[in-house]
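Below is one structure, written out as structure tokens; the observations come after it.
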Amino acid sequence: MSVALALPEVAGRLTPDAPLAPLVWFKAGGAAQWLFEPKDADDLAQFLARLDPAVPVMALGLGSNLIVRDGGVPGVVVRLGKPFARVEAIDATTLTCGGGASGILVSSTARDAGIAGVEFLRSIPGTVGGFVRMNGGAYGSETADILVDCEIVLRSGERRVLQAADLGYTYRHSELPAGAVVVSATLRGQPGEPAAIQAEMDRIAASREASQPLRSKTGGSTFKNPPGEKAWALVDSAGCRGLRIGDAQVSEKHTNFLINLGGATSADIEALGEEVRARVKANSGVALEWEIQRVGVA
């Protein structure tokens, strides 16, 4: 991929032709034309304001719910590192979180502060920015239940604070503007006892371990649950448990997970997902929707 882009000066780090496979859970896919790891929100805002508006920009979190296609991602991929991974309790029910903070860090900080209601984030392998964008959820709760507001940097470089109501949340979807990067969020739970919060986090962790292929190269839940249905059950009844294309396989443990057995390309993984969708449609008449984001050039 050509890296002939004129880019603004930055305080953080800009890497040309940066491999993305090591940064995503599937461990497959191509490179970013440029990878930008900003020093802080000002660095990000100034960079985007001066960047040619024609250059595409994509935010990357922990890379869990993502297929990066083998041809890589044109333009700039923004990755929020340690400066954006802070979480702080600001009162008895409220947390302020950087966009790069993990669900585990958020939930454990909440536990230490006696804030209940965010335990479910313990089970989602992602960052606050991803939770806000995708209305991330699990175990009967979702981001829309706990989000107060978020600060974003628009593709233009403008910084803006959005209230939860501004995001138009539906199941695993928000109306966050395209190209916007979530740099922080305010979350609200309710007062709780740290021991009870820890017990709930342990219950969630044990449930995930028992039911999901967590030790595999996977992308998390592949398809959204259709109204009144469970995606895994539709995949199972279509005979797809263990189905393979190359080194991409439908998990035997949880059929709504695809796994890379070692040498799968992103094309293999995506083709397997499409084959599953076709078989489910033929078997049940239901058109499964991808939950995993697919980005870049085939």
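Could you say which residue among Gly136, Gly179, Gly130, Gly140 is within 23 Å of Glu289 (Cβ to Cβ), open to solvent by 70 Å² or more (accessible area, probe 1.4 Å) and not aliphatic (A, V, I, L, M)? First the steps, then the outcome.
Working: Gly136 fails: open to solvent by 70 Å² or more (accessible area, probe 1.4 Å); Gly179 fails: open to solvent by 70 Å² or more (accessible area, probe 1.4 Å); Gly130 fails: open to solvent by 70 Å² or more (accessible area, probe 1.4 Å).
Of Gly136, Gly179, Gly130, Gly140, the one residue that is within 23 Å of Glu289 (Cβ to Cβ), open to solvent by 70 Å² or more (accessible area, probe 1.4 Å) and not aliphatic (A, V, I, L, M) is Gly140.
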Residues of region 169-179 satisfying the condition of being in a loop (DSSP other than H, G, I, E, B) and without any contact (Cβ under 8 Å) to a residue 60 or more places away in the chain
Tyr169, Tyr171, Ser174, Glu175, Leu176, Pro177, Ala178
Flag if Pro56 is under 20 Å from the mean Cα position of the chain (by Cα) and open to solvent by less than 60 Å² (accessible area, probe 1.4 Å)
no
For region 236-292: of the residues being of a type in the set (Lys, Arg) and more than 22 Å from Gly63 (Cβ to Cβ), which is surrounded by the most Cβ atoms within 10 Å (Cβ to Cβ)?
Arg277
Out of the residues in region 187-226 that are among the charged types (D, E, K, R) and within 30 Å of Glu270 (Cβ to Cβ), which is modelled with the lowest pLDDT?
Arg215
Tally time: how many residues in region 254-289 are more than 19 Å from Pro19 (Cα to Cα) and either among the hydroxyl-bearing types (Ser, Thr, Tyr) or at pLDDT below 95 (or both)?
2
Restricting to region 61-80, give me the number of residues that are open to solvent by 30 Å² or more (accessible area, probe 1.4 Å), without any contact (Cβ under 8 Å) to a residue 60 or more places away in the chain and not charged (D, E, K, R).
0
Hey, Asp166 over 13 Å from Leu187 (Cβ atoms), open to solvent by 40 Å² or more (accessible area, probe 1.4 Å) and not in a loop (DSSP other than H, G, I, E, B) or not
yes
Scan region 8-44 residue by residue and report those that are touching a residue at least 60 places away in the same chain (Cβ under 8 Å), among the aliphatic types (A, V, I, L, M) and open to solvent by 10 Å² or more (accessible area, probe 1.4 Å).
Ala41
Odd one out for Glu274 among (1) closer than 27 Å to Gly72 by Cβ; (2) in contact (Cβ under 8 Å) with a residue 12 or more places away in the chain; (3) not basic (Lys, Arg)
(2)
Given the condition part of a loop (DSSP other than H, G, I, E, B) and open to solvent by 60 Å² or more (accessible area, probe 1.4 Å), answer yes or no: does some residue in region 194-211 qualify?
no
1 or more residues at positive phi: qualifying strands (runs of 3 or more DSSP E) within region 47-161
73-79
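The values are calculated or read from the model by the stated rules, or taken from the named source; none is laboratory data. These figures come from a predicted structure and were not determined experimentally. Counting neighbours? That spans all protein chains shown, and the Cβs are built from the backbone with ideal geometry, glycine included. Ligands, DNA and RNA are excluded from the accessible area calculation, which covers all protein heavy atoms including side chains. Shrake-Rupley method; radii C 1.70, N 1.55, O 1.52, S 1.80 Å.
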